[in-house]
Amino acid sequence: MEPQIAKKEPAVLALEPGTYWWCACGLSKTQPFCDSSHKGSGMAPLKFTLAESERVVLCQCKHSGNKPFCDGAHKAL
């Protein structure tokens, strides 16, 4: 299954230290984070951890080569 494009723009967020689950399937209603909508799709979320507060740019098109982070792939879609 190919991931669904949630948005053709990244999510720019200020996140606190902790563990996060990035939606890889594009089906989550809580983009860019997983809400378990992937169940039965054969896809799984991607876990990432931040050691300190950080501004992140997360992929929402699901085609980044640097998942979960945006690499500009949405510009070619």
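In segment 38-65, which residues are in contact (Cβ under 8 Å) with a residue 12 or more places away in the chain and open to solvent by 50 Å² or more (accessible area, probe 1.4 Å)?
Answer for segment 38-65, where residues must be in contact (Cβ under 8 Å) with a residue 12 or more places away in the chain and open to solvent by 50 Å² or more (accessible area, probe 1.4 Å): GLY42, ALA44, LEU46, LYS47, THR49, ALA51, GLU52, SER53, GLU54, ARG55, HIS63.
For segment 6-35, the set of residues classified as free of Cβ contacts under 8 Å to residues at least 40 places away in the same chain, touching a strand residue (DSSP E or B) at 6+ places or on another chain (Cβ under 9 Å) and of a type in the set (Gly, Ala, Ser) consists of GLY18 only.
With respect to (1) crowded, with 17+ Cβ neighbours inside 10 Å; (2) part of a loop (DSSP other than H, G, I, E, B), the lone exception for THR30 is condition (1). When THR49 is tested against (1) in a loop (DSSP other than H, G, I, E, B); (2) modelled with pLDDT of 95 or more, just one condition goes unmet, and that condition is (1).
In segment 52-74, of all residues being in contact with a Lys or Arg (Cβ under 8 Å, 6 or more places away or on another chain) and assigned to a loop (DSSP other than H, G, I, E, B), the one that is farthest from PRO17 (Cα to Cα) corresponds to CYS61.
The values are calculated or read from the model by the stated rules, or taken from the named source; none is laboratory data. What you see is a predicted model; the values in this text were computed from it and never measured. All Cβ positions, even for glycine, are placed from backbone atoms using ideal geometry, and neighbour counts span all protein chains on display. Side chains included, ligands, DNA and RNA excluded: accessible areas come from the protein's heavy atoms. Shrake-Rupley method; radii C 1.70, N 1.55, O 1.52, S 1.80 Å.
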